Amino acid sequence: MIAMKIILASASPRRKELLGLITKDFGIVTREVDERAVEQQVKQRGGDAVMIQCELSRAKACAVYDGIPAEERGNVVVIGADTAVVCGDEIMGKPEDKEDARRMLTMLSGRTHEVITGVCVKTLDSEVVFTETTKVRFGDLDEFQKDLIERYINTGEPYDKAGAYGIQEGGALLVDTVEGDYFNVVGLPVRRLSQILSQFR
């Protein structure tokens with residue numbers, strides 16, 4: 001089978017690092033996607049968080065794929081991905097400010113939430129879309145946890161992350177248990193993705 005050119009449709013340094021566990025031979029291309037519009041469209045159809053992540057990952061992959069010259073598309077694999085933190089009925093995006101980060105981390109404390117990553121692998125002849133869900137429980141909201149939250153939001157780390165935390169960084173101290181794929185919480189379910197990409201190598 002002919003080796004395909006792999007393109008990651010994400011500027012996330014965490015996804016870049018994780019894809020590097022599968023292959024070192026890939027490029028990065030991003031295109032603007034109106035995520036809020038995609039989310040609203042799915043909600044209007046009665047879709048849940050899993051469906052939203054599927055559509056967001058697909059939208060990101062398609063935006064990049066559509067920008068590739070037609071004559072080059074036969075030898076390209078585009079990977080789109082999007083990760084959301086879901087707690088109760090709320091799909092948590094990136095916090096708007098310090099108060100929003102504090103609200104999110106306080107809400108997550110003492111509870112189990114889901115981290116859902118949607119992934120789309122798009123080629124000329126196929127489009128594979130899947131999700132991976134990991135359950136994460138934060139420590140109880142005691143004085144120790146409250147102090148950790150304050151220290152964490154003052155590092156500046158939470159503000160570019162869904163749910164206001166990165167488990168691979170200082171946010172790890174807030175976490176009590178993880179059930180499922182740890183790397184999915186970081187941003188990419190590498191084992192399932194590697195299985196899919198293996199057919200193109």
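Bear in mind these aren't lab numbers, they're just calculated from the coordinates by the rules spelled out. Because the structure is a prediction, the values reported are computed rather than measured. For neighbour counting, all protein chains shown are included, and Cβ atoms are generated from backbone atoms with ideal geometry for every residue, glycine included.
Points to keep in mind about this one:
- Dipole in debye (nearest 20) - region 20-107, about Cα centre, beta carbon charges: Lys, Arg +1; Asp, Glu -1: 140 debye
- Over region 84-201 - Rg/Rh using Cα atoms and the Kirkwood inverse-distance radius: 1.05
- Under 15 Å from the Cα of LYS16 - aspartates and glutamates, other chains or at least 8 residues apart: ASP25, ASP82
- About its Cα centre, region 5-200 has a charge dipole of approximately 460 debye under the convention of +1 per Lys or Arg Cβ and -1 per Asp or Glu Cβ, with nothing else charged.
- Other residues lying with their Cβ under 14 Å from the Cβ of GLU143 contribute a combined charge of -2, Lys and Arg counting +1, Asp and Glu -1.
- Over 29 Å between alpha carbons, listed pairs LYS24/LYS98; LYS5/LYS43; LYS94/LYS146: LYS24/LYS98; LYS5/LYS43
- Simple point charges give the picture: +1 on the Cβ of Lys and Arg, -1 on the Cβ of Asp and Glu, and for region 130-180 a dipole about the Cα centre of about 120 debye.
- Listed values (i) 59, 37, 26; (ii) 83, 34, 31; (iii) 52, 33, 30, entry calculated as Cα extents along the principal axes in Å: (i)
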